[in-house]
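Notes follow the structure.
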Amino acid sequence: MASVRLTRFEADYDLLPPLCMFCGEPTQFRIPRSFSWFRSTVWLAIFLGVISFIVILLICTKRFFLRMPLCDRHKSDQLAWYRLSIFALFVAFGLVGAALMFVANHATSHKALWLIGTFIPGALGITVVILLMRQLNRSAIHVSEIRDGRWIRLHNVAFQFVDAIEEDRRRDYERKDEERREFQRWRREQREREKAQTEPIPMALPADDELKARTGERLGHES
């Protein structure tokens, strides 16, 4: 499988080729999907506390909306992996939160130790779920980078889709280049036409014999 970089312009104007991004087969289905991405260094903010980590995560997360062309066979698979990973993460956080609340309300002695003993396995469980989500998402089309909302880089994309979009970009570049040359040609002709209109028209001088005859006639009249 290959990787591809899609621009915001291509996504907003739905300029992606009608090929399944996963297998490369022709398709007419467009599945809306919102991708999110943040740098891995954001995970270091977890040491600042849960609330600080959530705030930093919301600030640093970049999003990109895309209508993915997927065939009938793969459109359900992509959504299933995505929904399963989100559901597993919510379940993990819910179980850990419920366990901490239960210990905080029912522990009679050594409450701090009970909380620590519950939080550490819960954190490890959430870490395992996140790693599992990462592995599951890698088997589907997943994002590796979003740059300021201008473009997105996707991995695990079919080679046929990448070749098709590169061919579309090449034809678009050739068309724009031809339009640019045509405009330059038109502009050059326009300047030449304007220059010809502003230049003074030279007056035609009479020939030498005719000039001599006119001069002789004028001298004869004066005498």
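The values are calculated or read from the model by the stated rules, or taken from the named source; none is laboratory data. Quick caveat, the model's predicted, so the values are computed rather than measured. Glycine also receives a Cβ, built like all others from the backbone with ideal geometry; neighbour counts cover every protein chain displayed.
For region 171-217, the candidate set comprises residues that are of a type in the set (A, V, I, L, M, F, W, C), surrounded by 10 or more Cβ atoms within 10 Å (Cβ to Cβ) and modelled with pLDDT under 85; within that set, the residue that is farthest from L15 (Cα to Cα) is A213. All conditions but one from (1) over 19 Å from T127 (Cα atoms); (2) surrounded by 11 or more Cβ atoms within 10 Å (Cβ to Cβ); (3) modelled with pLDDT under 85; (4) hydroxyl-bearing (S, T, Y) apply to S109; the one that does not is (2).
Among the numbered conditions (1) crowded, with 17+ Cβ neighbours inside 10 Å; (2) in a helix (DSSP H, G or I); (3) at pLDDT 70 or above; (4) not aliphatic (A, V, I, L, M), tell me where Y82 comes up short. Y82 satisfies all of (1) crowded, with 17+ Cβ neighbours inside 10 Å; (2) in a helix (DSSP H, G or I); (3) at pLDDT 70 or above; (4) not aliphatic (A, V, I, L, M) except (3). Can you name the number of the only condition in (1) over 17 Å from G149 (Cβ atoms); (2) under 21 Å from the mean Cα position of the chain (by Cα) that C71 fails? (2) is the only condition that C71 fails.
Condition (residue is within 25 Å of P26 (Cα to Cα), surrounded by 11 or more Cβ atoms within 10 Å (Cβ to Cβ), modelled with pLDDT of 90 or more and β-branched (V, I, T)) applied to region 142-155: is it met by at least one residue? Yes, because at least one residue in region 142-155 is within 25 Å of P26 (Cα to Cα), surrounded by 11 or more Cβ atoms within 10 Å (Cβ to Cβ), modelled with pLDDT of 90 or more and β-branched (V, I, T). Filtered by the rule that a residue be surrounded by 14 or more Cβ atoms within 10 Å (Cβ to Cβ), touching a residue at least 12 places away in the same chain (Cβ under 8 Å) and not aromatic (F, W, Y), region 38-61 gives V42, A45, I56, L57.
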